[in-house]
2 protein chains.
Amino acid sequence: MNVPTATVSRLIVYLRVLDSLASAGKSRTSSEYLGNEAQVSPFQVRKDLAYFGRFGTRGIGYDVAELGQRIRTILGLGRSWNTCIVGLGRLGQALVDYPGFGPQKEFHLVALFDTDSAKIGKCFGGLAVRHNWELPQAVAELNIQLGMIAVPASSAQEVATALVQAGIRGILNFAPAVIEVPLHVFVEKTDVSAALERLTFYLSAAQADRRPAP
Amino acid sequence: MNVPTATVSRLIVYLRVLDSLASAGKSRTSSEYLGNEAQVSPFQVRKDLAYFGRFGTRGIGYDVAELGQRIRTILGLGRSWNTCIVGLGRLGQALVDYPGFGPQKEFHLVALFDTDSAKIGKCFGGLAVRHNWELPQAVAELNIQLGMIAVPASSAQEVATALVQAGIRGILNFAPAVIEVPLHVFVEKTDVSAALERLTFYLSAAQADRRPAP
DNA sequence: TAGATTGTTAATCGATTAACAATC
DNA sequence: TAGATTGTTAATCGATTAACAATC
């Protein structure tokens, strides 16, 4: 049974809805409510959850705290993940301040890398920048599991290869480039240019009648 | 005929490949080459292009410059787009420096908005921050077509509503929140937390045997 | 019990893959 | 002409939607 990528993305949204329900002091919810908030059908919510088991009570609905906890576990958020950033240009520096990093959070920023000698040794967010060639050693010593690529497109592949060789299996690629990795490595991408260009596609007069799939 | 969202994303990748071919001085290419670079099948490349017309020559392939130009037009990149940023926290400030903004580029940053009185009037990238309530006037006067939301999740919906009321029809949402807009408005999202969480899902031991759809 | 809402199976829809005829 | 490669139609695959039986 293969879980669709879209299902994983939606689980993340459901979890946020559950978290805000919990903050609001609610203890019970339904596939209908979750669907409304996530802008998907109740069918979709139940189908998505069904990939992973049974989480609710027929006739009653879901327990907010319990479902939240179980989705958290499914998403691998029950533990902490050591993360590094490669490339400390403007984007890399901005990522250091990403609010998802913190002692109470799942993601810990533990190392910074660059190849620019002017940057090596500089500190950002309390971490000194190391040279890329320290990657293998640092990944092993600091037990780094995730790498963020914040270098120009032209060196993204090189950095990805170095991360993989150092033993990293999860990469978040911010460079506007397709990177090639072995099958056991997972890559996610976040690309501002591409997002803007999708917008202009849909806004363009010629495509005014075309809507993105829901 | 409805164009799949995935097709639009792939066109963007093909365009990048074509641009780098052009830089390398190549004048001709094939669906096989484009597919290799974009990590999709040659079938997929031809099918994607077929949504928009005929671009190649049987037996020969595609002209790099011409196909690039035509994809650019399809994506609405033949013109320029005035853009604003709402929210000048760390993320908003980093976006000001986004290299896709520039006089030679398709995207022009023309206004900044925030509600924090400590930020109003401050300059970033040569632009003074205005109060959100200037949105309607500024959108009209500066002919702003695109808005980037860089505020916390808790105020994302409010800002989206304000952007829509000001007349903006294309929104790039960086806040980790689902926003609701009228049908004629397009929303793209870029969400670092969600990308990281998809990675941890796939990396988690329990899901180690599950691969994302290609 | 009756009403509500889940979990699951079946039907539909859409996208991807494959095959091949067209043609340079 | 023969080889190459597109454009397009057909087949397959997968995801979404719908329906409904299970059950609290």
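Residues that are within 13 Å of DNA strand D (Cβ to nearest atom), touching a helix residue (DSSP H, G or I) at 6+ places or on another chain (Cβ under 7 Å), at pLDDT 95 or above and under 21 Å from B:V178 (Cβ atoms) are absent from region A:17-27 altogether.
Please indicate, with yes or no, whether at least one residue in region A:141-150 is at the interface with another protein chain (Cβ under 7 Å from one of its Cβ atoms) and within 27 Å of B:E37 (Cβ to Cβ). Yes, some residue in region A:141-150 is at the interface with another protein chain (Cβ under 7 Å from one of its Cβ atoms) and within 27 Å of B:E37 (Cβ to Cβ). A:T73 meets the conditions (1) more than 14 Å from DNA strand D (Cβ to nearest atom); (2) under 30 Å from B:P182 (Cα atoms); (3) of a type outside the set (A, V, I, L, M) in every case but one. The failed one is (2). Based on what the data block shows, is A:F107 within 14 Å of another protein chain (Cβ to nearest Cβ) and either among the hydroxyl-bearing types (S, T, Y) or closer than 21 Å to B:E197 by Cα (or both)? Answer is yes for this residue.
Across region A:43-61, the qualifying residues are those that are more than 10 Å from chain B (Cβ to nearest Cβ) and more than 8 Å from DNA strand C (Cβ to nearest atom), and the one among them that is surrounded by the most Cβ atoms within 10 Å (Cβ to Cβ) is A:D48.
The number of residues in region B:169-182 that are within 8 Å of another protein chain (Cβ to nearest Cβ) and either in contact with a Lys or Arg (Cβ under 9 Å, 6 or more places away or on another chain) or within 21 Å of B:A138 (Cα to Cα) (or both) comes to 7. Annotation: of all residues in region A:112-125 being part of a strand (DSSP E or B) and in contact with a strand residue (DSSP E or B) (Cβ under 7 Å, 6 or more places away or on another chain), the one that is nearest to A:S155 (Cα to Cα) is A:D114. Pairing residues of region B:73-102 that are within 8 Å of chain A (Cβ to nearest Cβ) with residues that are surrounded by 18 or more Cβ atoms within 10 Å (Cβ to Cβ) and of a type in the set (D, E), at Cβ distances under 8 Å and at least 6 apart in sequence or on separate chains, gives B:L75/A:E197; B:G76/A:E197; B:L77/A:E197; B:L77/B:E106; B:W81/B:E106; B:G100/B:E106. The set of residues in region B:9-35 being free of Cβ contacts under 8 Å to residues at least 24 places away in the same chain, out of contact with any strand residue (DSSP E or B) (no Cβ under 9 Å at 6 or more places or on another chain) and facing chain A (nearest Cβ under 10 Å) consists of B:S9, B:R16, B:S20. Test B:A156 against the criterion of being surrounded by 13 or more Cβ atoms within 10 Å (Cβ to Cβ), of a type in the set (G, A, S) and closer than 20 Å to B:K189 by Cβ, and give yes or no. When the stated conditions are applied, B:A156 passes them. Remark: pairs (first residue in region B:156-168, within 12 Å of B:P136 (Cβ to Cβ); second residue part of a helix (DSSP H, G or I) and small (G, A, S); Cβ separation under 7 Å; 6+ apart in sequence or on different chains) = B:G167/B:A140. The single residue among B:V40, B:V64 that is more than 10 Å from DNA strand D (Cβ to nearest atom), away from every other protein chain (no Cβ under 14 Å) and modelled with pLDDT of 95 or more turns out to be B:V64. Please find, within region B:191-214, the residue that is modelled with the highest pLDDT out of those that are facing chain A (nearest Cβ under 7 Å), more than 17 Å from A:D191 (Cβ to Cβ) and not in a helix (DSSP H, G or I). Filtering first and then ranking leaves B:S204. Criterion applied to A:Q104, A:Q165, A:Q157 was being modelled with pLDDT of 95 or more and farther than 21 Å from B:Y14 by Cα, and the one residue passing it is A:Q165. Would you mind stating whether B:A24 is more than 25 Å from A:T190 (Cα to Cα), more than 13 Å from DNA strand C (Cβ to nearest atom), surrounded by fewer than 17 Cβ atoms within 10 Å (Cβ to Cβ) and not assigned by TED's automatic domain parsing to the domain that holds B:D116? The answer is yes for B:A24.
The values are calculated or read from the model by the stated rules, or taken from the named source; none is laboratory data. These numbers were taken from a predicted model, which means no experiment stands behind them. Methodologically, a virtual Cβ is constructed for each residue, glycine included, from the backbone with ideal geometry; neighbour enumeration extends over all protein chains shown.
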